[in-house]
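The values are calculated or read from the model by the stated rules, or taken from the named source; none is laboratory data. If you're wondering where the values come from, they're calculated on a predicted model, not measured in any experiment. Every residue, glycine among them, receives a Cβ derived from its backbone with ideal geometry; neighbour counts consider all protein chains shown. These area figures cover heavy atoms from the full protein model, side chains too; ligands, DNA and RNA do not enter into them. Shrake-Rupley method; radii C 1.70, N 1.55, O 1.52, S 1.80 Å.
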Amino acid sequence: SGLLVEITGPVATLTLNRPERHNSLSRADMAALSQTLQQLEGEPGLRVLVLTGAGEQSFCSGAYLDEVADRSLTGNPFEEMADALENFRLPSICAFNGSVYGGGGELALCCDFRIGVEGMRMFVPPAKLGIHYPEKGLGRYISRVGLNAAKRILLAVETFDAEALLKIGFVDTLVPRAQLAGRTAELAASLAALAPLSVQSMKRTLNEMARGAVDSEAIKHRIALCWNSTDHREAVQAMAQKRPPVFHQR
């Protein structure tokens, strides 16, 4: 299958599983990823999502090239999948098992955290293919890495090595390959231990603010929900009793 799903405690790991073609995504793969995210959305025990790729060569190279002539690169399945990932309720980590190309870059930017691996590289070639990426995708580059870096990536089609990706903030941290699984698990565990209502509602608010789609009333409602939650009371109590809190997402 093009997508492997593994649930270990509070962590769901999705692995893009087409290593023989750089984990590029067919329309069916995109639909499967969107559908899986929809299913996981309702799982009450989950706290964190990890997205990675099979093999050691590539994380993802975007849309499957045989289907690009069919305009699938700018078509809806990719955008629906990217939206589903960006708007996913839980905090998400992209663990780069290898290099990233084309639409794979945008997919990674839909995650909240990105852990890079030494030796990886990235290039995004719409300008070489004579195409123009959709508005949302371009907006993701600008909001994540800034206009200047976005132009280096998309207009100059620069190839970025791992250190350059760290420098422009495309990855949050770089690890040797042997430490990728450990560092990912560490970040996932620390996210899973935080107050889930707080993490999930602030993720939503931060993403809305970055998109310039702020609904102040909805944000006030989320703030009140957190203040009045049993999780907030538990956090205060746990601090007073010098013990780790036990959160229940309510």
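Can you figure out the FRET efficiency of T8 with D83, using R₀ = 22 Å and their beta-carbon distance, to the nearest 0.05?
Values: r = 26 Å, r/R0 = 1.20.
After rounding, the FRET efficiency stands at 0.25.
Ignoring ligands, DNA and RNA, what percent of the 1.4 Å accessible area of the chain is carbon and sulfur?
C and S fraction of accessible area: 57 percent.
Mind checking the full-extension length gain between S216 and Q249? Use 0.36 nm per residue of separation minus the Cα-Cα distance, one decimal, nm.
9.6 nm
Over what distance in Å are the Cα centres of region 192-250 and region 1-56 separated?
Answer, in whole Å: 26.
As a test question: what accessible area, to the nearest 10 Å², does S190 have when a 1.4 Å probe is rolled over all protein chains in place?
Accessible area of S190: about 60 Å².
Per DSSP H run of at least 4 residues, take -39500 (n - 2.57); add these up for the chain, divide by its residues and hand me the 222 nm value, nearest 500 deg cm²/dmol.
Calculated at 222 nm, the ellipticity per residue is -14000 deg cm²/dmol.
Lone cysteines in the chain, going by a 4.7 Å Cβ-Cβ cut-off?
C60, C110, C226
Taking the highest mean first, how do the peptides 205-214, 175-184 order by number of other beta carbon atoms within 10 angstrom per residue?
Going by the mean number of other Cβ atoms within 10 Å, highest first, we get 175-184, 205-214.
In the full protein assembly as shown, how much of H221 is accessible to a 1.4 Å probe, in Å² to the nearest 10?
120
Report the net charge of residues surrounding H221, where surrounding means a beta-carbon distance below 15 angstrom and charges are Lys +1, Arg +1, Asp -1, Glu -1.
Here the charged neighbours net out to 0.
So in the chain, what percent of DSSP beta bridges are antiparallel if you round to the nearest 5?
30
Note the full-extension length gain between K167 and I131 as 0.36 nm times their separation in residues minus their Cα-Cα distance, in nm to one decimal.
Difference between extended and current length: 10.2 nm.
Using only Cα atoms, tell me the angle between helix 76-86 and the longest principal axis of the chain; keep it within 0 to 90° and round to the nearest 10.
Taking the Cα atoms of the chain, the angle to 76-86 is about 30 degrees.
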